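Visitor: Next up is a structure, given as structure tokens.
The values are calculated or read from the model by the stated rules, or taken from the named source; none is laboratory data. In this text, all values refer to a predicted model and were calculated from it rather than measured experimentally. Note that we place each Cβ from the backbone using ideal geometry, even for glycine, and neighbour counts take in every protein chain shown. To get the accessible areas, we keep the full protein, side chains included, count just its heavy atoms, and leave off ligands, DNA and RNA. Shrake-Rupley method; radii C 1.70, N 1.55, O 1.52, S 1.80 Å.
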Amino acid sequence: AYAPLGQDLARSGIYTAILNGPDGTLVEDVMNDPGNGGVINWAVAGHSLGGVIAVKYIVANPTQIAGLALLGSFPDAIDDISGRDLPVVSVFATNDLITTPAEALGAAALLPPATSFTKIRGGNHAQFGYYGETPSDGDSDASPRKQQELTAASLRHLVARVEVTDGLDEAPAS
């Protein structure tokens, strides 16, 4: 369902792994894989429940992740990361009836103050991936491709913010 988005990001030079599991343990497997291209700063993204899991991973491992993207998702009320200095983007769709715009925006108090919120006009929940219609979701006025392109653009922006922080804590070379 997320391969097209992952492939788009990979074509942009962003190391991308798509995980499917009930918790964040697979994140560590990817981070520790010697084939990961030597990534230094890691960002995680999650759609729907995947976003909830990503936030829980950050709460449990506060120093390992340098950026977060929530796609049609928001943190559980007990997972407040508002005090973290962490680039975050929350991408939501106006016709999403599973994670409504009100729910995505209503979670702002749980996220860092500099969180970027990206609204996809006419998009819905299902089109963050390619897994077909979801009966409880709203109808989309945007094409799946357009929603994917806008989502990918938000993720590229997040990665650029994460990359800017790389090495800022190091002393200047003499």
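Visitor: Give me the extension gain from A109 to R145: residue separation times 0.36 nm, minus the current Cα-Cα distance, reported in nm with one decimal.
Guide: Additional length available on full extension: 9.8 nm.
Visitor: GNM on the chain, C-alpha springs below 10 Å: top fluctuator among P144, P101, P22?
Guide: Top of the fluctuation ranking is P22.
Visitor: At a Förster distance of 45 Å, what's the computed FRET efficiency of I98 paired with I40, Cβ-Cβ distance as r, to 0.05?
Guide: The value I calculate is 0.85.
Visitor: For segment 115-148 and segment 76-108, what is the centre-to-centre distance using only Cα atoms, to the nearest Å?
Guide: Spelled out, the Cα-based centre of one part sits 16 Å from the other.
Visitor: What is the Cα convex hull volume of segment 29-103 when expressed per residue in Å³?
Guide: 102
Visitor: For the chain, with every protein chain kept in place, what is the accessible area per residue (1.4 Å probe, Å²)?
Guide: Spelled out: the 1.4 Å probe surface of the chain, per residue, equals 53 Å².
Visitor: What is the pair-distance distribution P(r) of the chain, computed from all Cα-Cα distances in 10 Å bins starting at 0, with each bin given as a whole percent?
Guide: Pair shares across the bins are 10, 40, 37, 12, 2, 0, 0.
Visitor: What spacing in nm lies between the two simple spin-label points modelled at A3 and S82, each 7 Å away from Cα in the Cβ direction?
Guide: 4.2
Visitor: Here's a follow-up. Fully extended, how many nm does the chain gain between I18 and R121 (0.36 nm per residue separation, minus their Cα-Cα distance)?
Guide: Values: separation 103, 0.36 × 103 = 37.08 nm, distance 2.54 nm.
Here the segment from I18 to R121 would lengthen by 34.5 nm.
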